[in-house]
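The values are calculated or read from the model by the stated rules, or taken from the named source; none is laboratory data. It should be emphasised that the depicted structure is a prediction, and the values quoted were computed from it without experimental measurement. Don't worry about glycine lacking a Cβ; one is built from the backbone with ideal geometry, like all the others, and counts go over all protein chains shown. These accessible areas exclude ligands, DNA and RNA; they are computed on the full protein's heavy atoms, side chains included. Shrake-Rupley method; radii C 1.70, N 1.55, O 1.52, S 1.80 Å.
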Amino acid sequence: SDLPPAAPPGYQRLAVVGAHLRGQALNAQLLEVRARFVRQTRTEPAYRLFALAGTQPLKPGLVRVAKGGTSQEIELWDIPTETYGAFVAKVPAPLCIGTLRCEDGERVQGFLCESLAVEGADDISSFGGFRAYRAAQAK
C-alpha cells in the first residue's frame, strides 16, 4: 500500500477537523506552536460530525460510528514534538485526541469528541466538513 510519508523526525502529525482549519477561528493556535500544514484530505466514511452547542468559537465534534458513517474534510498538520504537549493540553472537553482513519488508509492522531456530548447536537455530517458547514451558515 502506498501510504503517504509519516511526519518527519521531531514532529507529530495531527488531524484537525474544525476551528483549527486554515481560515478558521483557532488556526492561530497551530501557528503559535510552529505547526506545518501538510495537506487537506478526508476521513474514511465512518464518522459523523456535529455542531457543539454553546462552544465559543463554534466547534464541531467528530465521532466514529459503527454504521451511517460519512467522510469528512480534515487537514493534517505536523507539530514539533516539543510543542505538541502544550498544544494538546489546551484541548477542551468534550473534545479529545484519538486516532483518526483517513480515506487513504493513513492513521493519524486527531480531534475526536466524546459521544455523550453529541446527544441532541445538530448533526452536520451532510456538509462533508466544518468549512462547508460554516460557508453555508454565512449565506
Run the simple label-point estimate for ASP104 and GLN40 please: 7 Å along Cα→C-beta, distance reported in nm.
1.5
For VAL65, what is the net charge nearby, where nearby means another residue's Cβ is under 13 Å from its Cβ and Lys, Arg count +1, Asp, Glu -1?
+2
CYS96 versus GLU119, label points 7 Å from Cα toward the beta carbon: distance in nm?
1.6
In percent, what relative contact order does region 30-75 have, based on Cα pairs under 8 Å that are 6 or more apart in sequence?
47
Rounded to the nearest 500, the 222 nm mean residue ellipticity computed for the chain from DSSP H runs (n ≥ 4, each -39500 (n - 2.57)) alone is -4500 deg cm²/dmol
Quick check: convex hull of the Cα atoms in region 98-139, volume per residue, rounded to a whole Å³?
95
How large a share of the accessible area of the chain, in percent, is made up of carbon and sulfur atoms when the probe is 1.4 Å and the other protein chains stay in place?
52
Suppose every Lys and Arg Cβ carries +1 and every Asp and Glu Cβ carries -1, with no other charges. What dipole size does region 1-109 come out with about its Cα centre, to the nearest 20 debye?
280
Just to confirm, what accessible area per residue do you get for the chain at 1.4 Å probe, in whole Å²?
51
Could you list the GluC sites (Glu not before Pro) in region 53-106 that lie in coil according to DSSP, counting only those with at most 14 other Cβ atoms within 10 Å of their Cβ?
GLU103
In whole angstrom, largest first, the equivalent ellipsoid semi-axes that the Cα gyration tensor gives for region 11-98 are 22, 15, 12
For region 40-139, go through all pairs of different Cα atoms, get the mean of 1/r, take its inverse, and jot down that Kirkwood value in Å.
14.1
